[in-house]
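Below is one structure, written out as structure tokens; the observations come after it.
No lab work stands behind these numbers, since they all come straight from the coordinates. For clarity, every value in this text was computed on a predicted model and none was experimentally measured. Don't worry about glycine lacking a Cβ; one is built from the backbone with ideal geometry, like all the others, and counts go over all protein chains shown.
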Amino acid sequence: MSVKIRLKKFGAKKRPYFRIVVLDSRQPRDGKTIDELGLYHPIEVADKQLRIDETKARDWMKKGAELSPTVRRLFNLKNIKLERV
């Protein structure tokens, strides 16, 4: 089973927010999640836009989870270095 860390969309029209989740790569975007790692709220002010549980993210990366390109960009914005072990 291939596991990915990616975004899951919530919110209303023109007011989106996203949860950073771990799920099976075969699941749809809004499918059943394995774990939640944080939130991304693009409309909020800059200091409240992104919340990530770094320890959970590191644990999932050690287990072999892959980051989607968007989540990788968000982690780089927060200066979170996640290397595979």
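When only residues in the range 7-18 that are basic (K, R) and part of a strand (DSSP E or B) count, which is farthest from K81 (Cα to Cα)? Spell out the reasoning first.
Residues of the range 7-18 that are basic (K, R), as a first pass: 8-9, 13-15.
With the extra rule that they be part of a strand (DSSP E or B), the set shrinks to 8-9, 15.
Numbers: K8: 22, K9: 24, R15: 29 Å.
Here the residue is R15.
If a residue has to be in a strand (DSSP E or B), free of Cβ contacts under 8 Å to residues at least 24 places away in the same chain and either farther than 20 Å from S2 by Cα or among the charged types (D, E, K, R) (or both) to count, how many in the range 19-71 make the cut? Step through it out loud before you land on a result.
Let us first name the residues in the range 19-71 that are in a strand (DSSP E or B), namely 19-24, 35-40, 50-52, 66-67.
Adding the requirement that they be free of Cβ contacts under 8 Å to residues at least 24 places away in the same chain leaves 19, 21, 23-24, 36, 38-39, 51.
From what's left, either farther than 20 Å from S2 by Cα or among the charged types (D, E, K, R) (or both): 19, 24, 36, 38-39, 51.
Count: 6.
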